[in-house]
Amino acid sequence: MSVDHTRAPLLEALTDYRRKGRLSFTPPGHKQARGADPAVRQVLGDAVFLGDLLASGGLDDRLTRGQVLENAERLMADAVHAEHTFFTTCGSSLSVKAAMLSVAGPHEKLLVGRDAHKSVVSGLIISGIEPVWVEPRWDARRHLAHPPSAEEYEAAFRAHPDAKGALITSPTPYGACADLRSVAEVCHRRSVPLIVDEAWGAHLPFHPDLPSWAMDAGADICVTSIHKMGSGLEQGSVFHVQGDLVPPQLLKNRADLLGTTSPSVLIFAGLDGWRRQMALRGREIMGGTLALAAEVRAAIEEIDGLHVSDRADFCGPGLADDFDPLPGVIDVTGLGITGFQAADWLREERRLDAHLTDHRRIGAQITHGDDRETTGELLAALKDLARAAPDLPPAPRVDVPPPSELRLEQAMLPRDAFFGPAEDVPVDEAAGRIAAEMVTPYPPGIPAVLPGERLNEPVLRYLRTGLAAGMHLPDPGDPELETVRVVAGDAQ
């Protein structure tokens with residue numbers, strides 16, 4: 001297929017489907033909106049239903065002879081300098097699992113940064129892979145974890161020469177980035193692949209002032225959420241592959257184990273449209289976004305009590321290697337409140353939703369979808385928050401342990417602990433026991449406790465005080481954390 005980025009194969013096929021007025025006796029059962037509830041149609045609009053059809057036997061023929069999806073994937077690979085690209089409608093939570101399963105199998109070792117997303121931990125549970133945890137670079141003063149260094153991966157490989165590969169998260173949800181080229185070199189000296197969870201980096205290939213992205217840095221597999229920083233619909237994700245360490249067909253087969261057989265054409269079309277948008281105008285679009293973000297960041301810094309994290313906060317010896325300014329991470333401790341309080345006040349009082357929230361920060365993500373009108377509302381709301389903060393209740397204390405106490409011993413494989421015999425014990429009796437569940441402050445979704453880790457009192461106290469202060473813990477069996485699920489019979 002010749003490379004013509006003015007084309008959008010999925011969108012064109014969808015237009016052709018409508019133009020020909022095809023009559024479907026296949027799923028979906030709403031039959032192009034005709035059977036949908038009128039109240040639902042009024043809220044969603046008929047365009048949603050009109051674009052909701054079978055990918056094969058609908059958008060393409062039953063043998064997919066039009067290669068509609070394949071052509072769109074080839075164009076995406078070309079746009080971001082990958083050799084092969086695969087679309088998924090199950091988010092990067094699926095993509096990263098497929099990548100892991102392509103590199104290691106049950107009881108094989110994979111080096112993983114301990115700042116990984118909970119979807120990576122889910123991949124460990126499903127696969128039975130043995131994680132070799134690589135320590136992030138902890139900023140104890142700001143209570144932040146930055147991606148591990150290449151030196152940490154080098155040391156981990158020396159200690160575990162039988163590891164099948166490595167996985168690193170970059171950028172983090174906070175915008176901290178690793179030196180991916182150096183980490184890739186560490187892996188390739190051993191002829192093993194590097195997986196990069198770049199879910200937050202869909203925009204990185206399209207402007208030189210942004211951090212280097214995984215394919216350009218030499219990674220073998222890269223996972224990207226187009227819906228996070230791009231124009232894709234929620235759940236729209238792609239995974240890219242290059243080099244000869246991971247066969248593309250193997251990666252596709254592993255993804256097929258996990259993915260749906262009924263993918264959403266709507267999500268596919270959003271991925272296709274994003275690629276065309278950025279291939280044709282990406283540098284211009286991202287240049288404008290970066291300029292706008294710089295203005296907003298400077299204006300936030302002028303608000304008493306607020307500090308927007310910058311390169312000087314994130315980068316330096318023992319910290320991150322690079323920095324993406326678009327997540328807009330704002331420290332609110334100068335207002336005497338928590339990030340949880342700030343996010344709740346902004347939503348309730350100013351109808352504004354912040355992204356990541358923790359005990360001292362909120363995220364005000366700036367994308368190409370913003371303009372001076374939306375950012376003006378953000379700045380006005382933040383000024384109002386600063387004025388309102390003295391009248392808010394005293395900030396609940398979140399007892400954040402130092403890095404040495406925050407890291408737990410991996411006493412069992414995550415899979416064995418998760419699927420083995422378990423029992424619920426009172427939280428006051430859980431220290432010293434082996435966790436049988438994940439406990440994850442969300443967002444950003446980095447587990448504080450993994451199945452197979454031995455619990456300690458400082459981490460349990462952090463989670464309990466965090467919960468009381470407004471932390472969201474979506475995954476433990478007891479959402480109030482009065483009890484914790486632990487491995488049965490492991491009492492010390």
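State which residue is surrounded by the most Cβ atoms within 10 Å (Cβ to Cβ) when the search covers only segment 319-363 and only residues that are polar (S, T, N, Q) and part of a helix (DSSP H, G or I). Looking at the filtered set, the residue picked out is Q341. Based on this model, can you work out whether S102 counts as within 20 Å of L250 (Cα to Cα), under 20 Å from the mean Cα position of the chain (by Cα) and open to solvent by 20 Å² or more (accessible area, probe 1.4 Å)? No; evaluated as a whole, the condition is false for this residue. Residues in segment 432-454: is at least one open to solvent by 20 Å² or more (accessible area, probe 1.4 Å), in a helix (DSSP H, G or I) and under 24 Å from S404 (Cα atoms)? No, every residue in segment 432-454 fails to be open to solvent by 20 Å² or more (accessible area, probe 1.4 Å), in a helix (DSSP H, G or I) and under 24 Å from S404 (Cα atoms). Among the residues of segment 302-318, those identified as in contact with a strand residue (DSSP E or B) (Cβ under 6 Å, 6 or more places away or on another chain) and either crowded, with 20+ Cβ neighbours inside 10 Å or in a helix (DSSP H, G or I) (or both) are L306, V308, S309, R311, F314.
When the residues of segment 369-396 are filtered to those that are of a type in the set (D, E, K, R) and part of a loop (DSSP other than H, G, I, E, B), which remaining residue is surrounded by the fewest Cβ atoms within 10 Å (Cβ to Cβ)? The residue in question is D371.
Scanning segment 47-84 for residues that are charged (D, E, K, R) and at pLDDT below 95 yields D52, D60, D61, R62, R65.
Residue check: G51 meets all listed conditions (1) within 18 Å of T89 (Cα to Cα); (2) open to solvent by less than 60 Å² (accessible area, probe 1.4 Å); (3) out of contact with any Leu (no Cβ under 6 Å at 6 or more places or on another chain) but one, namely (3).
Yes or no: segment 68-88 includes at least one residue that is among the small types (G, A, S) and open to solvent by 30 Å² or more (accessible area, probe 1.4 Å).
No, every residue in segment 68-88 fails to be among the small types (G, A, S) and open to solvent by 30 Å² or more (accessible area, probe 1.4 Å).
Within segment 424-431, not a single residue is within 25 Å of the chain's Cα centre (by Cα), of a type in the set (D, E), over 24 Å from E135 (Cβ atoms) and open to solvent by 10 Å² or more (accessible area, probe 1.4 Å).
Selection of segment 249-268 for residues being open to solvent by 40 Å² or more (accessible area, probe 1.4 Å) and not in a helix (DSSP H, G or I) yields T260, T261, S262. Taken across segment 468-483, residues that are touching a His at 6+ places or on another chain (Cβ under 9 Å), β-branched (V, I, T) and open to solvent by 10 Å² or more (accessible area, probe 1.4 Å) do not occur at all.
Just one of (1) in a strand (DSSP E or B); (2) buried (at least 16 other Cβ atoms within 10 Å of the Cβ); (3) of a type outside the set (K, R) fails for D490. It is (1). The set of residues in segment 436-465 that are at pLDDT below 95 and under 24 Å from L392 (Cα atoms) comprises P441, Y442, P443. Take the conditions (1) crowded, with 20+ Cβ neighbours inside 10 Å; (2) within 30 Å of G21 (Cβ to Cβ); (3) hydrophobic (A, V, I, L, M, F, W, C); L110 misses just one of them, which is (2).
Identify the residue in segment 397-407 that is open to solvent by 30 Å² or more (accessible area, probe 1.4 Å) and of a type in the set (A, V, I, L, M, F, W, C) and, among all such residues, is modelled with the highest pLDDT.
V400
None of D324, D358, D304, D353 is farther than 22 Å from H146 by Cα, under 24 Å from the mean Cα position of the chain (by Cα) and among the charged types (D, E, K, R) except D353. All of L111, L53 fail the test of being touching a residue at least 24 places away in the same chain (Cβ under 8 Å), in contact with a helix residue (DSSP H, G or I) (Cβ under 7 Å, 6 or more places away or on another chain), outside any helix (DSSP H, G or I) and more than 24 Å from C187 (Cβ to Cβ), apart from L53.
From the list V439, V400, the lone residue that is in contact with a Phe, Trp or Tyr (Cβ under 7 Å, 6 or more places away or on another chain) and among the aliphatic types (A, V, I, L, M) is V400.
If you take the residues in segment 18-34 that are in a loop (DSSP other than H, G, I, E, B) and among the basic types (K, R), which one is nearest to D52 (Cα to Cα)? Going through the qualifying residues, I end up with K31. Somewhere in segment 151-158, is a residue within 18 Å of A99 (Cβ to Cβ), open to solvent by less than 10 Å² (accessible area, probe 1.4 Å) and touching a strand residue (DSSP E or B) at 6+ places or on another chain (Cβ under 6 Å)? Within segment 151-158, one or more residues are within 18 Å of A99 (Cβ to Cβ), open to solvent by less than 10 Å² (accessible area, probe 1.4 Å) and touching a strand residue (DSSP E or B) at 6+ places or on another chain (Cβ under 6 Å). A search for C-beta distances below 8 Å between a residue of segment 233-259 that is within 22 Å of W213 (Cα to Cα) and any residue that is charged (D, E, K, R) and surrounded by fewer than 19 Cβ atoms within 10 Å (Cβ to Cβ), counting only pairs 6+ apart in sequence or on different chains, returns H240/E83; V241/E83; Q242/E83; G243/E83; P248/E83.
Among the residues making up segment 126-150, those that are closer than 18 Å to V183 by Cα, in contact (Cβ under 8 Å) with a residue 24 or more places away in the chain and open to solvent by less than 20 Å² (accessible area, probe 1.4 Å) are P131, V132, V134, H146, P147, P148, S149, A150. Of the residues making up segment 176-185, at least one is open to solvent by 10 Å² or more (accessible area, probe 1.4 Å) and farther than 22 Å from D324 by Cα. Residue pairs whose Cβ atoms lie under 9 Å apart, sitting 6 or more positions apart in sequence or on different chains, and linking a residue in segment 275-300 that is hydroxyl-bearing (S, T, Y) to a partner that is open to solvent by 20 Å² or more (accessible area, probe 1.4 Å), are T289/H207; T289/T367; T289/H368; T289/G369; T289/D370.
The values are calculated or read from the model by the stated rules, or taken from the named source; none is laboratory data. All values derive from a computational prediction rather than experimental measurement. Cβ sites come from the backbone with ideal geometry, for glycine too, and all protein chains shown count toward neighbours. Surface areas here come from the heavy atoms of the whole protein model, side chains and all, with no ligands, DNA or RNA. Shrake-Rupley method; radii C 1.70, N 1.55, O 1.52, S 1.80 Å.
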